[in-house]
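The values are calculated or read from the model by the stated rules, or taken from the named source; none is laboratory data. Because the structure is a prediction, the values reported are computed rather than measured. Heads up, the Cβs are rebuilt from the backbone with ideal geometry, glycines too, and the neighbour counts pull from every protein chain shown.
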Amino acid sequence: MTLTLIQDAEEGLKLNPQQASNNDQPITNRGADGSAIRSEQSQVAYVPAGTGQAYKSPIDQVTVLLTGEQTGGSIFMAEAIVPPGCGNPPHVHARENETFYVQQGTLTIQVGDETLNALPGDVVQLPRNVVHSFKNTGNVNAKVLVVAEPAGLEKFFEEAFYPATDWPDAMPPMNDAFMT
């Protein structure tokens, strides 16, 4: 039997009883420390604009949008604001894949021996265990959506960065001019 595209789509949306009962089952994922995190697959996370916890460092500001607790350990999502000339040193994530979606500005990403110049609308996905770094090589703040999978990277920002409300506004960004 041949179906039209619409019929194919409608047929694909129908659940058999076994699939329906599986969708109601809790999902178990692993937290950053390896402990089990249980969540409901149908859990909805809503974060109104401007309500995520914001953290600052000398190189950027990160606003947490989704945590492992909200996503059952599946992803961490944040918005990063990187001032011109700022960026991070080469590093490796041993447990997370990391994805950048550039919303504003220019982000030069070094991945191993390859240099990528990401512009607004570009997406860069980095697998775990790959040495990488990034730097805002433009003249405006780079605004980047960052997704790490699995979740857990949010713990780094909580421990290594300052809450944005505690950060002195007079602290200059740590860019090339600051370092010379």
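Here are the numbers:
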| item | result |
| --- | --- |
| Residues satisfying the stated conditions in the range 64-81, i.e. among the hydroxyl-bearing types (Ser, Thr, Tyr) and crowded, with 21+ Cβ neighbours inside 10 Å | Thr67 |
| The range 73-93 residues that are in the same structural domain as Lys135 (by TED's automatic domain parsing) and among the hydroxyl-bearing types (Ser, Thr, Tyr), paired with ones that are assigned to a strand (DSSP E or B) and at pLDDT 90 or above (beta carbon under 9 Å, 6 or more apart) | Ser74/Glu149 |
| Matching residues in the range 134-153 - criterion: being surrounded by fewer than 22 Cβ atoms within 10 Å (Cβ to Cβ) and either of a type in the set (Val, Ile, Thr) or not assigned by TED's automatic domain parsing to the domain that holds Pro90 (or both) | Thr137, Val140, Val146, Val147 |
| Residue tally, condition at pLDDT 95 or above, closer than 19 Å to Gly85 by Cα and not hydroxyl-bearing (Ser, Thr, Tyr), over the range 111-131 | 5 |
| Number of the exception - Pro89 against (1) more than 24 Å from Ala45 (Cβ to Cβ); (2) assigned to a loop (DSSP other than H, G, I, E, B) | (2) |
